[in-house]
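Since every read-out is calculated from the coordinates, none of them should be taken as a lab result. This one's a predicted model, so the numbers in the text were calculated from it and none came from an experiment. All Cβ positions, even for glycine, are placed from backbone atoms using ideal geometry, and neighbour counts span all protein chains on display.
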Amino acid sequence: MHELSIAMNIVEIAESEAGRRNARIEAVHLRLGPLSGVVKDALLSAWELACENTVLAGSRLVVEDVPLVVYCPRCKAQRTLDSISFLCPECQSPTPDVVHGRELEVFALEVGDAA
Amino acid sequence: MTPRLVEVRQNVLKHNDEVARALRQRFHASGVFVVSLVSSPGSGKTTFLERTLTSLRPGYRVAALVGDLATENDARRLARSQAPVKQIVTGTLCHLEASMIEKALDGWNPGELDFLFIENVGNLVCPSSYDLGEDLRLVLVSVTEGEDKPLKYPTIFNTSDLAIVSKMDLAPAVEFNWPALEKNIQAVRPEMRVIRVSAKTGQGMDEWLESLTALRSSAGAVPGP
Ligand SMILES: Nc1nc2c(ncn2[C@@H]2O[C@H](COP(=O)(O)OP(=O)(O)O)[C@@H](O)[C@H]2O)c(=O)[nH]1
Ligand SMILES: [Mg+2]
Ligand SMILES: [Zn+2]
């Protein structure tokens, strides 16, 4: 399980943003893909502990699931997959090229008044 | 007052990715081809690596780093190949990170190597997120683990470059179903090369060593002595 260390990385990123903006952070919005290697529920469970004794204490972690999007070489189009099985849903061709799905990124912060 | 939403857009593993990129540049500049190995605990990484090191050693300069939670047993086993081996004790951390590789290389000159192998901690989940600066990530799966392993751990298979099916000598005993495993690997990582080996009998090792040296040549490294 590495979700606690991932959560601590997220806290660090948010902390430095909070410092830079001299603001209190109420929530961190994360984009998470199914190929990120990170389990959403484990990450959410680790959040409170990761925030302990930091300026993020009491904040929320909001996780937005990024769908798995691949490029189909036969259709010459992007396709969204429902599961991690790399076959084009339209033409059944193998689709090795991943367009979206590896994301593990902090994309926004909910910022309140200065702490 | 209502909170404002401000956009940040930062990769959470940015630091690891930066260290890995610097490592990769350093490896390329020194002409060493770097291979990492991931699998469940007990799939046969150390045994496979010991045999690989021993086979390569007459013609190539090889070394290995091995990550382990607590013990140094794997490093001792690998050292029997006479290759330089360094242990990275990860403690409570269930995977290797790029900075640990950087630190472990202290005092080693990658320019004096043709191949560097990195055995990751036995874990099919956590190592998938961490780039180590390697040229080739091998995922091992033994015939005794069940043919549906790739479907249970799709991310590690998807982020690997080559799959090794290990312990082929045990295939008859466990009624190993090769077409099923092959199909499951292709489902989560289309077009991935798969090589079946037994580190015990040596089956498939020639195919693996030939692919490995060919990959090193095509990566632009100078051929071995
Ligand atoms: N029969 C057989 N056993 C193997 C083979 N490779 C490894 N083993 C055994 O599997 C166990 C775990 O192997 P090890 O290399 O330590 O796996 P690791 O945890 O992935 O490094 C040991 O008891 C090995 O002797 C093989 O090719 N055939
Ligand atoms: Mg081992
Ligand atoms: Zn298609």
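In a DSSP loop and with at most 16 other Cβ atoms within 10 Å, the trypsin sites (Lys or Arg not before Pro) in region A:67-115 are A:R74, A:K76.
Near B:R9, once Lys and Arg are set to +1 and Asp and Glu to -1 for all other residues with Cβ below 12 Å from its Cβ, the sum equals -2. Would you mind checking the pairs B:K45/B:K183; B:K167/B:K200; B:K86/B:K200; A:K40/B:K183; B:K14/B:K152 and listing those with alpha carbons more than 19 angstrom apart? The pairs that break the limit, which is 19 Å between Cα atoms, are B:K45/B:K183; B:K86/B:K200; A:K40/B:K183; B:K14/B:K152. Going by Cα centres, region B:156-188 and region A:80-97 are how many Å apart? If we compute the Cα centre of each part, the gap is 20 Å.
When the trypsin sites (Lys or Arg not before Pro) in region B:1-40 are filtered for DSSP coil states and for at most 16 other beta-carbon atoms within 10 Å of their beta-carbon, no site remains.
Considering only DSSP beta bridges with both partners in region B:1-138, what is the antiparallel share in %, to the nearest 5?
So the antiparallel bridges amount to about 0 percent of the total.
Take each residue of peptide A:101-113, count the partner chain Cβ atoms within 10 Å of its Cβ, and average: the result is 5.
Which net charge results for the neighbourhood of B:T90, defined as the other residues with beta-carbon distances under 15 angstrom from its beta-carbon, given Lys and Arg at +1 and Asp and Glu at -1? Result for the local shell: -3.
As an equivalent ellipsoid, the protein assembly as shown spans semi-axes of 37, 25, 18 angstrom, where each value is the square root of five times an eigenvalue of the C-alpha gyration tensor, largest first.
Taking every residue in A:84-94 and counting other chain Cβ atoms within 10 Å of its Cβ, the average works out to 3. How charged is the neighbourhood of B:P110? Take every other residue with its Cβ under 13 Å from the Cβ of B:P110, and add Lys/Arg as +1 and Asp/Glu as -1. The answer is -2. By the Kirkwood approach, averaging reciprocal distances over each pair of separate Cα atoms, chain B gets a hydrodynamic radius of 18.2 Å.
Sorting the segments B:38-50, A:48-60, B:145-157, A:7-19 by their residues' average number of neighbouring beta-carbon atoms within 10 angstrom, most packed first, yields B:38-50, B:145-157, A:7-19, A:48-60. Taking loop as defined by DSSP and a crowding limit of 16 other beta carbons within 10 Å, which GluC sites (Glu not before Pro) in region B:158-225 fit? Taking region B:158-225 and a limit of 16 other Cβ atoms within 10 Å, the loop GluC sites (Glu not before Pro) found are B:E175, B:E191.
Comparing B:V197, B:V174, B:V143 in a Gaussian network model of chain B where C-alpha atoms under 10 Å apart are linked, the largest mean-square fluctuation is found at B:V174.
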